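Let me begin by presenting the structure, written as structure tokens, before commenting on it.
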Amino acid sequence: MNQNFETLAVRKQTERSQFLEHSTPLYLTSSFVFEDAEEMRASFAEEKERNLYSRFSNPNTTEFVDKIVAMEGAESGYAFATGMSAVFSTFAALLNSGDHIVSCRSVFGSTHSLFTKFLPKWNIKTSYFKITELEKIESLIQPNSKILYAETPTNPAVDILDLEALGIIAKKHNLLLVIDNCFATPYLQNPIKYGADLVIHSATKLIDGQGRVLGGITVGKSNLIREIYLFSRNTGPAMSPFNAWILSKSLETLSVRVEKHCENALKVAQFLEKHPKVNTVKYPFLKSHPQYEIAKKQMRLGGNVVAFEIKNGLTAGRNFLNEIKMCSLSANLGDTRTIVTHPASTTHGKLSVEDRLEVGITDGLVRCSIGLENVEDIINDLNQALNN
Ligand SMILES: *Cc1c(COP(=O)(O)O)cnc(C)c1O
């Protein structure tokens with residue numbers, strides 16, 4: 001029987017133990033035992049699918065992976081200690097020296113460092129396209145191009161890339177389409193529907209949703225996940241069973257949490273749009289968003305991140321942060337607590353002004369990850385900080 005998202009989230013569970021517990025227990029064990037020599041041999045030879053050692057698999061990580069696989073409509077997956085280990089291991093497992101990546105210019109900061117500082121050590125180079133120039137992608141493709149990589153919505157400017165268009169280009173040129181779906185979560189957007197071969201999440205953000213643990217996952221086609229699994233089982237970036245247990249619990253409430261995050265975010269965006277100290281607001285489900293139609297097509301709701309541009313640039317942006325009373329100044333996002341950041345003076349402070357502007361980071365840009373406080377209280381805090 002095909003179950004719906006919310007049902008899968010709560011009902012997809014590891015088989016009950018002898019104690020018939022209702023809620024999945026925590027399996028804090030590094031290894032598993034065998035009945036006899038033959039079972040041990042068959043298990044190591046992979047003739048039998050079972051848990052051997054928690055670097056390879058564990059009941060808690062398997063439950064977490066199975067849920068995300070079902071939610072994304074994927075074939076299989078592997079869970080990692082962090083979102084970045086998912087990103088790195090995916091590239092490391094699938095690329096050879098001399099291969100080439102075509103990527104969207106605005107990607108998560110550490111992914112950008114991977115492209116510019118680390119992958120080049122193995123002679124893997126990356127070419128970039130801007131979100132507004134999908135038509136340029138084809139001119140960037142080389143005979144050695146292997147992966148087309150993108151994030152949508154993007155961080156921190158909340159731009160939207162057309163997944164359907166990316167899927168068509170990837171298919172035409174025989175590239176693997178890899179999408180970092182972190183900002184949308186599996187509840188809001190499923191890139192596999194549009195032709196993605198692999199979908200990556202940082203589970204640290206909305207999937208955990210409570211700012212407690214780090215985690216990451218890659219899901220997608222079985223043959224690719226097999227390569228990623230073999231790389232990872234030997235190199236050791238596995239998610240801990242404890243984190244998997246927490247994250248699997250978090251998934252049970254993902255849909256209701258994300259609905260509320262998005263409802264609050266839309267109200268905040270609508271409030272900011274009318275505020276005299278604000279130049280522009282970017283939120284995917286505001287009609288004024290440049291890619292509103294695409295967002296409506298591929299996302300269930302607009303997400304929890306709102307970006308806005310304060311009048312008078314850098315000083316006004318920094319003053320705004322200093323006047324904030326309730327919301328947190330923090331680098332995380334997707335928490336129950338609303339978080340505000342000023343990318344130009346913090347996360348993207350090392351970039352040149354030109355590089356910043358290329359990815360939409362103006363001096364007055366503020367990024368808000370809208371939480372689950374009462375929305376009136378969030379708005380009141382932002383309002384008093386803007387007016388001070
Ligand atoms: C946070 C984040 C990551 C990295 O995840 P970690 O769990 O912090 O390693 C990757 N991609 C995006 C879009 C993110 O927001």
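Throughout, read-outs are computed from the coordinates displayed, never taken from laboratory work. Everything quoted here is computed from the prediction, not taken from an experiment. FYI the Cβ positions are ideal-geometry reconstructions off the backbone, even for glycines, and counts take in every protein chain you see.
Listed from fewest to most Cβ neighbours within 10 Å, the set His261, His289, His22, His173 follows the order His22, His173, His289, His261.
How would you classify the stretch 161-297 from its alpha-carbon gyration tensor, with a ≥ b ≥ c the square roots of the eigenvalues: rounded for a/c under 1.5, else prolate if a/b is greater than b/c, otherwise oblate?
Details: a/c = 2.75, a/b = 1.35, b/c = 2.03.
Oblate, because a/c is 1.5 or more while a/b does not exceed b/c.
Computed with the Debye formula from one identical point scatterer per Cα of the stretch 55-104, without solvent, the log10 of I(q)/I(0) at q = 0.21 Å⁻¹ comes to -0.88.
Report the far tail of the P(r) of the stretch 254-387, meaning the percent of Cα-Cα pairs longer than 23 Å. Let's see the in-between values first.
Values: 2574 of 8911 pairs.
Beyond 23 Å sits 29 percent of the P(r) for the stretch 254-387.
Both radii are taken from the alpha-carbon atoms of the stretch 70-185; with Rh as the Kirkwood radius, Rg/Rh is 0.93. On the beta carbon distance between Asn96 and Asn319, with R0 = 45 Å, the FRET formula returns roughly 0.35. The overall shape of the stretch 95-156, judged from the alpha-carbon gyration tensor, is oblate: a/c is not under 1.5, and a/b is no greater than b/c.
Suppose R0 equals 30 Å; then what is the FRET efficiency for Asn383 and Leu357 from their Cβ-Cβ distance, rounded to the nearest 0.05? Don't skip to the end; give the middle numbers.
On the way: r = 28 Å, r/R0 = 0.93.
Computed FRET efficiency for Asn383 and Leu357: 0.60.
The peptide list 301-309, 131-139, 216-224, put in order of mean Cβ contacts within 10 Å with the highest first, becomes 301-309, 216-224, 131-139. Could you please state, rounded to a whole Å, how far the C-alpha centre of the stretch 255-281 is from the C-alpha centre of the stretch 309-365? What the calculation gives is 16 Å, centre to centre. Above 31 Å, the calculated P(r) of the chain contains 38 percent of its Cα-Cα pairs. Annotation for the stretch 168-229 versus the stretch 40-101: alpha-carbon center distance of 13 Å. The phi torsions of the stretch 95-108, fed into the Karplus equation with coefficients 6.51, -1.76 and 1.60 and a -60° offset, translate into couplings of 9, 10, 3, x, 6, 9, 10, 10, 10, 4, 5, 8, 10, 3 Hz, rounded to whole numbers, with Gly and Pro shown as x. For the stretch 266-299, applying the loop criterion from DSSP together with a ceiling of 10 other beta carbons within 10 Å to the trypsin sites (Lys or Arg not before Pro) yields Lys287. Charge dipole (Cα centre; +1 on Lys/Arg Cβ, -1 on Asp/Glu Cβ; no other charges) of the stretch 13-53 amounts to roughly 180 debye. In plain terms, the residue of Val278, Val107 with the fewest other Cβ atoms within 10 Å comes first and the most crowded comes last, giving Val278, Val107.
Of the residues Leu140, Leu175, the one with the fewest other Cβ atoms within 10 Å heads the list, and the complete ranking is Leu140, Leu175.
Placing unit charges on the Cβ atoms only, positive for Lys and Arg and negative for Asp and Glu, gives the chain a dipole magnitude near 720 debye about its Cα centre. Each residue of the stretch 10-22 is assigned a 3J(HN,Hα), and the resulting list reads 9, 9, 6, 9, 4, 3, 5, 7, 4, 8, 6, 4, 7 Hz, derived from the Karplus form 6.51 cos²θ - 1.76 cosθ + 1.60 (θ = phi - 60°), x at Gly and Pro. Taking θ as phi - 60° and the Karplus parameters 6.51, -1.76 and 1.60, the scalar couplings of the stretch 319-334 work out to 4, 4, 4, 5, 8, 4, 9, 9, 4, 8, 8, 7, 8, 7, 8, x Hz in sequence order, x denoting glycine and proline.
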